[in-house]
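We did not get these values from a lab; they are worked out from the coordinates using the rules stated. A quick note: this is a predicted structure, and the numbers were derived from the prediction, not measured. Please note: Cβ atoms are built from the backbone with ideal geometry, for glycine as well, and neighbour counts cover all protein chains shown.
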Amino acid sequence: MPGIAIPPAKIPLGLRKKDSGRCRPIPIDPAATSYGTSLNMQVNVSARHGSLQPGDQELIEEKTIKLRRLYDRINAIEVTIDLKQLDKPSVEIQVSAEHADDMVAHAEATTVIAALDNAIPKVEQQLRKLKARKTDHRTAAHKHIELVEVDDDESTLDE
């Protein structure tokens with residue numbers, strides 16, 4: 001209908017794709033682009049023997065989602081905080097990845113966030129090792145190539 005103005009959608013625009021000589025914007029899903037994550041990864045945060053302070057759950061989710069940048073085949077991350085000893089809370093991070101065993105890291109500290117900061121590097125190291133194991137097969141074939149030495153006979157050169 002002429003005369004009715006439709007406001008443009010407030011969708012962030014990404015790279016422009018050429019379509020028959022004209023450039024058109026491509027909408028980007030902000031949830032899918034944050035730290036390279038997709039919507040199919042689950043992050044579960046739970047607390048035993050108590051509850052978390054307000055804002056701690058969101059901070060824990062933000063920090064654990066960043067693990068996806070190391071290995072993109074992570075299916076789920078489970079963070080369990082044990083508040084049985086209030087002066088020394090413990091954190092357990094369990095990461096499930098495709099075609100691999102679960103990776104688990106434990107840490108204790110004076111605060112929940114400090115314990116999380118101690119456990120994340122442990123899981124990161126396990127993810128780096130997993131990625132190295134999964135991608136190492138590409139270079140293994142080159143190690144087993146045998147070199148053949150060629151003997152130069154002077155008789156063939158004299159011809």
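Rg/Rh for the range 27-133 stands at 0.98; both radii use Cα atoms, and Rh follows the Kirkwood definition. When peptides 48-58, 62-72 are sorted by average Cβ neighbour count within 10 Å, with the highest value leading, the order is 62-72, 48-58.
With 32 Å as the limit on Cα-Cα distance, the pairs of Lys88/Lys134; Lys84/Lys122; Lys66/Lys134 that go past it are Lys88/Lys134.
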